[in-house]
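Written below as structure tokens is the structure these notes are about.
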Amino acid sequence: MATPRQKVHVRKGDVVMVISGKDAGNKGKVLEVIPKKGRVVVEKVNKVKKHMKPTQQLPQGGIQEKEAPIASSNVMLFCEKCNKPTRVGHKLHDGKSVRICKHCGEIQDK
């Protein structure tokens, strides 16, 4: 049985702020959205160390740092105009549904 797809309120390329967890208060760009698990990968947030075995490409092996996914409920879209995290609203603009900032009404979709 397939897992249901969850609605994620952010998209790849959005600037978000982490609102809870060990990285709370950090801002970063969304690198990847995983809707099946309701998670997002944010630049410079939730860094983990992965131990790599020696291979032909990496003969020494070593420790690699990379971003791990975090729950999408732990991030909020960041409004550049207000300079604070905001909830997302929807509005029709030129016949298309666009996302807006709930504080100032600024259109978030570029």
>> Looking for something in contact (Cβ under 8 Å) with a residue 24 or more places away in the chain, farther than 24 Å from residue 110 by Cβ and aliphatic (A, V, I, L, M) - is there at least one such residue anywhere in segment 67-75?
In response: yes
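To keep it simple, each residue is scored yes or no on (1) surrounded by 17 or more Cβ atoms within 10 Å (Cβ to Cβ); (2) modelled with pLDDT of 95 or more; (3) on the phi < 0 side of the Ramachandran plot; (4) not hydrophobic (A, V, I, L, M, F, W, C).
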| residue | (1), (2), (3), (4) |
| --- | --- |
| 18 | yes, yes, yes, no |
| 23 | yes, yes, yes, yes |
| 29 | no, yes, yes, yes |
| 33 | yes, yes, yes, no |
| 39 | yes, yes, yes, yes |
| 48 | no, yes, yes, no |
| 66 | no, yes, yes, yes |
| 70 | yes, yes, yes, no |
| 76 | yes, yes, yes, no |
> Is one or more of the residues making up segment 44-52 over 25 Å from residue 109 (Cα atoms) and either touching a Cys at 6+ places or on another chain (Cβ under 8 Å) or assigned to a loop (DSSP other than H, G, I, E, B) (or both)?
Replying inline: yes
> Is one or more of the residues making up segment 43-65 of a type outside the set (Lys, Arg), touching a residue at least 60 places away in the same chain (Cβ under 8 Å) and closer than 24 Å to residue 10 by Cα?
Replying inline: no
> Here are some residues: 33, 16. Which one is hydrophobic (A, V, I, L, M, F, W, C), outside any loop (DSSP other than H, G, I, E, B) and free of Cβ contacts under 8 Å to residues at least 60 places away in the same chain?
Replying inline: 33
>> With the requirement that a residue be over 19 Å from the mean Cα position of the chain (by Cα) and closer than 11 Å to residue 17 by Cα, what does segment 78-94 give you?
In response: none
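The values are calculated or read from the model by the stated rules, or taken from the named source; none is laboratory data. In this text, all values refer to a predicted model and were calculated from it rather than measured experimentally. All Cβ positions, glycine included, derive from the backbone under ideal geometry; neighbour counts span all protein chains shown.
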